[in-house]
Structures are given as structure tokens and as C-alpha cells.
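Step one of this worksheet: look at the structure below.
The values are calculated or read from the model by the stated rules, or taken from the named source; none is laboratory data. Small disclaimer: the values here were computed from a predicted structure and weren't measured. Every residue, glycine as well, gets a Cβ built from its backbone with ideal geometry; the counts of neighbours run over all protein chains shown. Remember, those area values only see protein heavy atoms, side chains included, never the ligands or the DNA or RNA. Shrake-Rupley method; radii C 1.70, N 1.55, O 1.52, S 1.80 Å.
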Amino acid sequence: MRISTIGCGYLGAVYAASMASIGHEVLGLDVDQKKVDDLNRGIAPFHEPGFEKVLQDALEAGRLRFSTDYSLAADYTAHVICVGTPQLIDAAGADLTYVHAAVDALIPYLAEDAVVLGRSTVPVGTAASLRERLRAAGRENALAWNPEFLREGFAVEDTLRPDRIVYGLPEDPAESARARAVLDEMYGTMLENGTPLVAGNYATAELVKVSANSFLATKISFINAVAEICEATGADVSVVAEAIGLDDRIGPKFLRAGIGFGGGCLPKDIRAFMARAGELGVTEALGFLREVDHVNNRRRDHVVNMARKELGGSFTGKRVAVLGAAFKPDSDDTRQSPALYIASKISGRGADVVVTDPAANARVHAERPNLAIAADAYEAAAGADIVLLLTEWTQFKELDPVRLREVVAAPVMIDGRNVLDPAAWREAGWTYLSMGRP
Ligand code: UDX
């Protein structure tokens, strides 16, 4: 299948390379010339394990290219919208500017039998409105929604071996059949390998994505709320999570208490979902997501308060080492990162904050010039009055408490991700504090 992806950010670039790796001819389109040039040279514009290899192999095989020239789309059959839908600057809803721009850019070059597919996470109702947009421009092309569920850090794997494939199909039978035929061919190998396929209408497919992310966010905030109760009672949230997770109706995943969720998806998706419910006149249906968001934000402030208490009530003149800046390990993405929120807040309160992250240092340097950057944990912790572990990179999980103790001014560790062994750290002379554990 000849596939063009519109938008070569994280989602689009990974999708383009992954689809080329399973034999499709793929054209990645983007308005950013530098990004396109880097991708054509096999250089990943972001940190994602395994991506560069898939990218380079597909380029070498001659099945993948990137361009800013949208007229090239005329030779392709499936056009996949992969642009971002960030939170609006002044409201909770999703900003659809890039989605609209992608469709408008495609319209002049759509071949008669071409199919438009959407992978971006969008508010329910968007696919129907885009179909109207095509019709208003005189285009009769089939449009379907095909949400993605990839996790950063596992993006290639999640694209090539998804838990499920979801089709959101148009009502018109002929249009639906055309879209389905193209989708079935695109995902032929995955479907043959037994990947479950779930099909519904547009609204259903759109809701699958936002419901999945909202459920995951709810699970994290649920366990973080339990962590708050643990802190008030002396219970251990990691043992509670282990025990409830053994019930296979609950399951152990996404029950890691800590400083909460961040990233380019969960925070903005729950807010956009709430905003959309408001527009649909069913605000109360998602009222609980407001609490999910509140619990999540409280955990960040909780760490700031814990650190201030340990420092005797004030950050002024104190040196604080922050281990981690990305919103999760194996990523350089700092969007809505709890770690960076905490680092910035503490810096704003007068501390001398030194951040280190195995992948996000350059990004932090560019985006938060007020934060000092160190090459590694030992350099960051040199002379520190307190150390905060905020992103659970393997490098930090494997830190040597004895060696780290030698470089700090005071051996106080707040483990915001509950990944260190409390006994080992206390034995090495540290005041060790974590989240929801005694
Ligand atoms: C998420 C969804 O998992 C993915 O399916 C969707 O397509 C995009 O959004 P991602 O944003 O890459 O993926 O990150 P995810 O692994 O879900 O983690 C989100 C945040 O939750 C991270 O900040 C992580 O540290 C935090 N988290 C995750 C917890 O605090 N506790 C957990 O138990 C799990």
C-alpha cells in the first residue's frame, strides 16, 4: 500500500518508519524542513529506543522518504493524519488547528480513490466534521478513524505489535467498504498474526482512545489517592498495590504510586475529554476526571512540600539535585513532566536546582535556562542538601547509595517514584523518604 503520513512529529515519524518496515511504500509529509531533512538522513529528532534503526533500514530499503512537498501525496492511496492535538493555550479543550491544516493541505492532491485516515487523538465528533470538510471542498474520498495507542519508549513495538487495531468507519456502506479494504491491506500482517480488530462508527473509535487514556490516568490517580491515605496512616501503598493488583479484575499495571502522570497525552486527553463532555451537555459524566487531575497535581506539590520540610522550612540558599526531567524514562519528552514542574517550582522558591536526565538535558537547557544541568547523578548531587529522584531511569535505580553519599552535603533522598530499596539507602546513612510508604 502507498501510504502518506501527514505530520512527522513523534507519532507520524514512528508510524511512517514502522509501516515502511513491514513493506509499505511510505511518504512522510511535514511543514518543518529541518525535521524532514534529519529524517531523510536517518536522524531521529527525538529519543525513542529502536526508532532510528527502523528508520535507517526503511530508508535504505528505499521504501520511505520524507518531504515538505504536499503535491507528492497525489501518488499515494492512504493518507494518515498524524499531527498533534495539544491542549489549547487558554482552555481545557484540544487545539485542532493542525488537524484542520493537515486536511486542507491534502485536499488539492487527493486522488479519486484515495482514503483519508486519522490517527491523531481527537475530541469525539472530529472525524464527522472532517468528512464534512472534505465534502465542502468537493472531495468524495472515504474517511475513517484509526486511533493509535503507542507508549513513548515502546513506540515502534506498540505500532508493529499493537494490543488491538480499531477502525472508526463511515455510515455509508460503499465508503465504509472502501476504507475497510485499505485499512485491511495496511494492517494485513498484523491481522494475520491475530491482532484483535475492533470496528465501530467514528464516534466509537474516537472514544476508544480518550476512554483508554482516561482509564489509565484514573488508575494512576486512584493509587496516588490511596498513597495519600497511606501517608496519613502508616500503610505501604506499594504493598496495597501489589495485593489489589493480584486480583485479575484489577491487574498490577498502572498502579505505581509516585509523583503522577505527565507527558503529551494523559494530562491533555483527560482535560479535552472533560471539555468535550461540557460541549455535549454531559459535564457530570466526567466530573470524576477533575478529581483525577487534582490528585495528580497534588502529588507534585506534595514532593515540593516534603523537600521544604526536610530542608528546615525554606529553599532559600539550598542546593537541590533533581534526578530526571523527562516525564518518563526512555524518553526525552518533557511535556507536562512532573519532574520538571517540581524542579521549576523549587527553583522559583529560591533554591539552587541542578537537574540531570540521561536524554532530556539539552531540552531542559533550552526550555528552562534557570535550571542548572549536570552530566550525571553524581555531578548533580555534588554538594546537594537534598536529592530528589523524579524519573525512574535505570541509571538512577542502580545508583550506589554509598558513593552518592560521599558527594552530597546532606544525605537526604526523596524517591518520587518508589524505585530505590529503602533498607539499602538507610543502611548507607541516608534519610530516605518515598511516596505513600512508611
Ligand atoms: C500514554 C498511553 O499509555 C498510551 O497508550 C497512549 O497512546 C499515549 O499516552 P505515554 O504518554 O507514552 O502513553 O506514557 P505512559 O507510559 O502511559 O505513562 C504516562 C505517565 O504516567 C508517565 O508520567 C508515567 O511516569 C506515569 N505513570 C505510569 C505512573 O505514575 N504510574 C504508573 O503506574 C504508570
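Within the range 78-99, does at least one residue satisfy the condition of being touching a residue at least 12 places away in the same chain (Cβ under 8 Å), within 21 Å of ALA20 (Cα to Cα), over 21 Å from the mean Cα position of the chain (by Cα) and not in a helix (DSSP H, G or I)?
Scanning the range 78-99 turns up at least one residue that is touching a residue at least 12 places away in the same chain (Cβ under 8 Å), within 21 Å of ALA20 (Cα to Cα), over 21 Å from the mean Cα position of the chain (by Cα) and not in a helix (DSSP H, G or I).
Please work out which residue is nearest to GLY264 (Cα to Cα), limiting yourself to the range 337-360 and to residues that are open to solvent by 30 Å² or more (accessible area, probe 1.4 Å) and not small (Gly, Ala, Ser).
TYR341
Output the residues belonging to the range 412-438 that are more than 30 Å from the chain's Cα centre (by Cα) and open to solvent by 50 Å² or more (accessible area, probe 1.4 Å). Walk me through how you get there before you give the answer.
Kept after step one, since they are more than 30 Å from the chain's Cα centre (by Cα), are these residues of the range 412-438: 412, 423-431, 438.
Within the range 412-438, ALA423, ARG426, GLU427, THR431, PRO438 meet the criteria.
Can you name the residue in the range 231-263 that is assigned to a loop (DSSP other than H, G, I, E, B), touching a residue at least 60 places away in the same chain (Cβ under 8 Å) and surrounded by fewer than 23 Cβ atoms within 10 Å (Cβ to Cβ) and, of all such residues, is farthest from the ligand (Cβ to nearest atom)?
Here the answer is GLY234.
Taking only pairs six or more apart or across chains, which ones have beta-carbon atoms under 6 Å, a first residue in the range 322-338 that is at positive phi, and a second residue that is in a loop (DSSP other than H, G, I, E, B) and more than 8 Å from the ligand (Cβ to nearest atom)?
Between residues of the range 322-338 that are at positive phi and residues that are in a loop (DSSP other than H, G, I, E, B) and more than 8 Å from the ligand (Cβ to nearest atom), the close pairs are GLY324/ASP357; GLY324/LEU390; ASP330/PRO49.
Can you run down the residue pairs with Cβ atoms below 6 Å, 6 or more apart or on separate chains, where the first is in the range 152-164 and free of Cβ contacts under 8 Å to residues at least 60 places away in the same chain and the partner is surrounded by 17 or more Cβ atoms within 10 Å (Cβ to Cβ)?
ASP158/LEU150
Of the residues that make up the range 139-156, is at least one surrounded by fewer than 17 Cβ atoms within 10 Å (Cβ to Cβ), within 13 Å of the ligand (Cβ to nearest atom) and within 30 Å of ASN418 (Cα to Cα)? Don't jump to the end; show me each part of the working.
Step one: filter the range 139-156 for residues surrounded by fewer than 17 Cβ atoms within 10 Å (Cβ to Cβ), giving 140, 151, 154.
Those left that are additionally within 13 Å of the ligand (Cβ to nearest atom): 151, 154.
Next, from what is left, pick out any that are within 30 Å of ASN418 (Cα to Cα): 151, 154.
Within the range 139-156, one or more residues are surrounded by fewer than 17 Cβ atoms within 10 Å (Cβ to Cβ), within 13 Å of the ligand (Cβ to nearest atom) and within 30 Å of ASN418 (Cα to Cα).
Among the residues of the range 82-95, write down those that are under 13 Å from ARG119 (Cα atoms) and out of contact with any Lys or Arg (no Cβ under 6 Å at 6 or more places or on another chain).
Answer for the range 82-95, where residues must be under 13 Å from ARG119 (Cα atoms) and out of contact with any Lys or Arg (no Cβ under 6 Å at 6 or more places or on another chain): VAL83, GLY84, THR85.
Given the options GLU48, GLU52, name the one that is acidic (Asp, Glu), open to solvent by 10 Å² or more (accessible area, probe 1.4 Å) and in contact (Cβ under 8 Å) with a residue 40 or more places away in the chain. Please lay out each step first, then the result.
On the way: GLU52 fails: in contact (Cβ under 8 Å) with a residue 40 or more places away in the chain.
Going through GLU48, GLU52 in turn, just one is acidic (Asp, Glu), open to solvent by 10 Å² or more (accessible area, probe 1.4 Å) and in contact (Cβ under 8 Å) with a residue 40 or more places away in the chain: GLU48.
Rundown of residues vs (1) within 15 Å of the ligand (Cβ to nearest atom); (2) part of a strand (DSSP E or B); (3) within 29 Å of THR85 (Cβ to Cβ), yes/no style:
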site	(1), (2), (3)
ALA277	no, no, yes
GLY313	no, no, no
VAL320	no, yes, no
SER347	no, no, no
